[in-house]
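The values are calculated or read from the model by the stated rules, or taken from the named source; none is laboratory data. Since this is a predicted model, take the numbers as computed values, not measurements. All Cβ positions, glycine included, derive from the backbone under ideal geometry; neighbour counts span all protein chains shown.
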Amino acid sequence: MSLGPYAPFIVTSYLLATMVVLMLIAWITVDYRRQQQHLRELEAGGVVRRSGRSATDMR
Amino acid sequence: MTLIDLANPTRFLSLTARLLPWLAAATAILLAIGLYQSAMAPDDYQQGATVKIMFIHVPNAWLSMFVWGVMSLAALGTLVWRHPLADVAAKAAAPIGAAFTFLALVTGSLWGRPMWGTYWEWDARLTSVLILFLMYLGLIALWRAVEDPSRAARAAAILTLVGAINLPIIKFSVDWWNTLHQPASVMRMGGPALDRAFLIPLLVMAVAFSLLFLTLHLAAMRNEILRRRVRTLQMMQASRRSA
């Protein structure tokens with residue numbers, strides 16, 4: 001597969017798209033772990049929801 | 001599970017936990033197929049290999065508008081039906097929509113340089129998409145600036161609906177004004193003008209990016225629900241300390 005004289009434009013487009021998508025995935029993953037950590041710390045400190053259920057409960 | 005059940009954030013979290021692994025796998029498979037087909041697509045007789053940028057640029061451009069459309073529906077959900085997840089959906093979608101719009105602008109610019117001889121032109125299509133990107137950033141800033149989520153939700157919903165006026169302007173800008181950007185070649189009267197060799201990889205990439213949006217959006221909504229739980233518990237903790 002030859003990309004011809006404009007290869008830098010094509011490769012940059014694909015690399016940039018990959019980078020932005022990976023950044024989005026990383027941001028969402030880190031944010032999820034951070035929120036769960038906050039909830040665990042609060043529950044460990046005795047702060048619980050009015051329902052009594054764990055705030056990290058996903059079921 | 002009915003739609004009304006999803007108004008309950010806990011039920012929504014439960015559904016999301018079950019759906020996300022399947023959606024992520026489907027997205028990865030479809031992206032791999034789409035990228036392979038894009039790599040194998042022939043060169044265009046006029047554009048040469050630069051036509052491959054289309055397979056990234058066009059799905060991102062479509063999604064930049066689609067995500068604002070989703071946010072506009074969510075804005076109606078906030079203002080009219082006061083659905084508890086409507087603002088969560090809108091807030092979670094904004095950064096993802098901004099990322100797609102950024103990619104549409106930059107890949108368009110990288111495609112424009114070899115084809116038009118310039119990275120940027122202040123024509124109607126490019127300018128209206130830049131305005132869309134700035135509106136995404138404005139909304140994200142608004143949500144960050146207003147501490148009370150319910151007040152932020154109403155202001156953001158109104159701004160989103162006002163911003164939705166830009167969507168038909170973007171779509172029809174190439175018909176209403178004389179622009180450097182080419183007119184629609186897929187979603188147009190009379191069917192797509194693209195050859196199957198380009199149309200199929202483009203549609204596969206469009207579906208793959210749409211699935212990517214759905215996956216990221218559900219995950220970001222889950223995070224936002226947890227963030228609001230953290231806020232509620234922190235307020236309970238603060239009121240307990242002050243009592």
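Run down B:LEU20, B:LEU13, B:LEU85 and say which single residue is within 30 Å of B:LEU142 (Cβ to Cβ), within 12 Å of another protein chain (Cβ to nearest Cβ), buried (at least 18 other Cβ atoms within 10 Å of the Cβ) and not hydroxyl-bearing (Ser, Thr, Tyr).
Selected residue: B:LEU13, the only one of B:LEU20, B:LEU13, B:LEU85 that is within 30 Å of B:LEU142 (Cβ to Cβ), within 12 Å of another protein chain (Cβ to nearest Cβ), buried (at least 18 other Cβ atoms within 10 Å of the Cβ) and not hydroxyl-bearing (Ser, Thr, Tyr).
Considering only residues that are among the polar types (S, T, N, Q) and more than 26 Å from A:TRP27 (Cβ to Cβ), look in segment B:220-242 and name the one that is nearest to the other protein chains (Cβ to nearest Cβ).
B:GLN237
Tally time: how many residues in segment A:1-31 are of a type in the set (Ser, Thr, Tyr) and crowded, with 16+ Cβ neighbours inside 10 Å?
Looking only at that region, the number is 3.
Working only within segment A:3-55, note down all residues that are touching a Pro at 6+ places or on another chain (Cβ under 6 Å) and at pLDDT 95 or above.
A:PHE9
Please give the number of the condition B:THR179 fails out of (1) modelled with pLDDT under 90; (2) of a type in the set (Val, Ile, Thr); (3) under 17 Å from B:MET65 (Cα atoms).
With respect to (1) modelled with pLDDT under 90; (2) of a type in the set (Val, Ile, Thr); (3) under 17 Å from B:MET65 (Cα atoms), B:THR179 is out only on (3).
State yes or no: is B:TRP120 out of contact with any helix residue (DSSP H, G or I) (no Cβ under 9 Å at 6 or more places or on another chain) and aromatic (Phe, Trp, Tyr)?
When the stated conditions are applied, B:TRP120 does not pass them.
Looking at B:ALA193, B:ALA184, B:ALA156, which is the one that is part of a helix (DSSP H, G or I) and of a type in the set (A, V, I, L, M)?
B:ALA156
Against the conditions (1) more than 14 Å from chain A (Cβ to nearest Cβ); (2) surrounded by fewer than 24 Cβ atoms within 10 Å (Cβ to Cβ); (3) assigned to a helix (DSSP H, G or I), where does B:PHE102 fall short? Just the number, please.
Unmet condition: (1).
Does B:ALA75 qualify as being without any contact (Cβ under 8 Å) to a residue 40 or more places away in the chain and either surrounded by 22 or more Cβ atoms within 10 Å (Cβ to Cβ) or farther than 22 Å from B:LEU226 by Cα (or both)?
No, not satisfied.
Within segment B:42-58, which residues are part of a loop (DSSP other than H, G, I, E, B) and at the interface with chain A (Cβ under 10 Å from one of its Cβ atoms)?
Across segment B:42-58, the qualifying residues are B:ASP43, B:GLN47.
Could you please let me know if B:ARG240 is surrounded by fewer than 20 Cβ atoms within 10 Å (Cβ to Cβ), closer than 30 Å to B:ARG11 by Cβ and touching a Pro at 6+ places or on another chain (Cβ under 9 Å)?
So B:ARG240 fails the test.
More than 14 Å from chain A (Cβ to nearest Cβ), β-branched (Val, Ile, Thr) and within 30 Å of B:TRP22 (Cβ to Cβ): is that true of B:VAL186 in this structure?
yes
Are there any pairs, at least 6 apart or on different chains, whose C-beta atoms fall under 6 Å, with the first in segment A:1-24 and within 8 Å of another protein chain (Cβ to nearest Cβ) and outside any helix (DSSP H, G or I) and the second modelled with pLDDT of 95 or more and surrounded by 13 or more Cβ atoms within 10 Å (Cβ to Cβ), and if so, which?
Qualifying pairs under 6 Å: A:LEU3/A:ILE10.
Failed condition for B:GLU121, given (1) among the charged types (D, E, K, R); (2) part of a helix (DSSP H, G or I); (3) modelled with pLDDT under 95, with all others met?
Every condition holds for B:GLU121 apart from (2).
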